[in-house]
Amino acid sequence: MSEESFEKDLFEIQRQGARKEFILSLHADEERMKDGLDYDDIAHAPSQCQLLEPYPEDRRGRSCLVLGKLPDGRSIHIVCAPKPMEPLIIVTLYLPSMPKWASDRERNR
């Protein structure tokens, strides 16, 4: 997978996020509720996201982990699957924290 391909994915994620053209999976919706987030809290996060990890060979299909921001400034991680001509599928989302994440962008080793 080329870097250019991932840049296109990121552009598509941001575009669909800005238009609110996405669907939360059941798992993502459960995680949203568990973290006490309203749908409106996460609605704009994909529109200004940054690519953290591409998953070109994911068993569920091509996907990636992106970093977005909530209206209150907190970071949110979103695993999503961009597909041309379809709404963005948000597979899961969560607030990055220890012990798994050392920072918003860095996994704990």
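Here is how the numbers come out for the structure above:
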quantity	calculated
Any hit, the range 95-102, residues being touching a residue at least 40 places away in the same chain (Cβ under 8 Å) and under 15 Å from ALA45 (Cα atoms)	yes
All positions within the range 82-99 that are open to solvent by 70 Å² or more (accessible area, probe 1.4 Å) and either of a type in the set (Gly, Ala, Ser) or within 19 Å of GLY36 (Cβ to Cβ) (or both)	MET98
Those residues of the range 30-62 which are of a type in the set (Lys, Arg), surrounded by fewer than 17 Cβ atoms within 10 Å (Cβ to Cβ) and either more than 12 Å from THR92 (Cβ to Cβ) or in contact with a helix residue (DSSP H, G or I) (Cβ under 8 Å, 6 or more places away or on another chain) (or both), in sequence order	ARG59, ARG62
Residue match in the range 33-43 (condition: within 13 Å of the chain's Cα centre (by Cα) and at pLDDT 90 or above)	no
Residues that are under 15 Å from LEU52 (Cβ atoms) and either more than 10 Å from the chain's Cα centre (by Cα) or open to solvent by 60 Å² or more (accessible area, probe 1.4 Å) (or both), drawn from the range 63-81	LYS69, SER75
Scope the range 31-71; condition farther than 22 Å from GLU86 by Cβ and either among the hydrophobic types (A, V, I, L, M, F, W, C) or out of contact with any His (no Cβ under 9 Å at 6 or more places or on another chain) (or both); matching residues	MET33, LYS34, ASP35, GLY36, LEU37, ASP38, ASP40, ASP41, GLN50, LEU52, LEU67, LEU70
Criterion violated by HIS27 - all others in (1) touching a strand residue (DSSP E or B) at 6+ places or on another chain (Cβ under 6 Å); (2) surrounded by 16 or more Cβ atoms within 10 Å (Cβ to Cβ) satisfied	(2)
Flag if TYR94 is aromatic (Phe, Trp, Tyr) and under 24 Å from SER5 (Cβ atoms)	no
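The values are calculated or read from the model by the stated rules, or taken from the named source; none is laboratory data. None of these values were measured; they are calculated from a predicted model. Note that we place each Cβ from the backbone using ideal geometry, even for glycine, and neighbour counts take in every protein chain shown. Note: areas computed on protein heavy atoms with side chains; ligands, DNA, RNA excluded. Shrake-Rupley method; radii C 1.70, N 1.55, O 1.52, S 1.80 Å.
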